[in-house]
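The values are calculated or read from the model by the stated rules, or taken from the named source; none is laboratory data. Note that the coordinates shown come from a computational prediction; the quantities given were computed from them, not determined experimentally. Cβ atoms come from the backbone with ideal geometry, glycine included; neighbour counts cover every protein chain shown.
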């Protein structure tokens, strides 16, 4: 079940080394000027939390995961995998996320959300990017509910656009879907999030590649539109 929320006071930064991803972001997020978009490594971005696309086991052995592990140290993988073990019995479903302390001041937190089950997997014909992006923002909600104001800024990369082989335009549009969903709603749990997105984006393959899709969660029982 989803519940409406006021627009969050959160600074969102999109940053990637891939010029095509950055260009596609600028097109997809043209009507959301509050989102900052930059070309460059996430390592250089000041934020309370970084979001890293990972795999279901939290093995940080490729892509942005590996870059962040080199930057923060091997202990970050241990913390991510411990959180996955404790919260998800060792395997993090696509459409879920964990938020752990980074052990650093920038960022204070690392949000890991899988775009794929294995370390390298083609997810170009899946909804995984939308699921992962929405889950990352849900993790922000959860962390701020636990510790109010602890995440006031978050930085994300082009999710699935490298090892996941998702085309830049598709990546940008699906991330826009995740962002707008975050602005409008939060979910009681990740199961609700996954069900809602899959129900409304199940026919995404039949839609034009340039189309952005805004997910509208069903109203809670006893409410009227």
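One table, with the values for the structure above:
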| read-out | value |
| --- | --- |
| Condition check for residue 148: out of contact with any helix residue (DSSP H, G or I) (no Cβ under 9 Å at 6 or more places or on another chain), assigned to a loop (DSSP other than H, G, I, E, B), modelled with pLDDT of 90 or more and farther than 21 Å from residue 93 by Cα | yes |
| Condition broken by residue 15, with the remaining ones in (1) in contact (Cβ under 8 Å) with a residue 60 or more places away in the chain; (2) surrounded by 19 or more Cβ atoms within 10 Å (Cβ to Cβ); (3) out of contact with any strand residue (DSSP E or B) (no Cβ under 8 Å at 6 or more places or on another chain) satisfied | (3) |
| Among the candidates 68, 76, residue that is assigned to a helix (DSSP H, G or I) and more than 26 Å from residue 26 (Cβ to Cβ) | 76 |
| Residues satisfying the stated conditions in segment 101-111, i.e. crowded, with 23+ Cβ neighbours inside 10 Å and either without any contact (Cβ under 8 Å) to a residue 24 or more places away in the chain or not in a loop (DSSP other than H, G, I, E, B) (or both) | 110, 111 |
| Candidate set from segment 165-191 (those that are more than 24 Å from residue 30 (Cβ to Cβ) and surrounded by 19 or more Cβ atoms within 10 Å (Cβ to Cβ)); member that is modelled with the highest pLDDT | 190 |
| Members of segment 37-61 that are part of a loop (DSSP other than H, G, I, E, B) and touching a strand residue (DSSP E or B) at 6+ places or on another chain (Cβ under 8 Å) | 40, 41, 45, 46, 47, 48, 56, 58, 60 |
| Qualifying positions in segment 152-164 - more than 21 Å from residue 31 (Cα to Cα) and surrounded by fewer than 24 Cβ atoms within 10 Å (Cβ to Cβ) | 152, 162, 163, 164 |
| Conditions (1) modelled with pLDDT under 95; (2) touching a strand residue (DSSP E or B) at 6+ places or on another chain (Cβ under 8 Å); (3) surrounded by 14 or more Cβ atoms within 10 Å (Cβ to Cβ); number of the one not met by residue 34 | (3) |
| Within segment 75-90, considering residues that are touching a helix residue (DSSP H, G or I) at 6+ places or on another chain (Cβ under 7 Å) and touching a residue at least 24 places away in the same chain (Cβ under 8 Å), the one surrounded by the most Cβ atoms within 10 Å (Cβ to Cβ) | 76 |
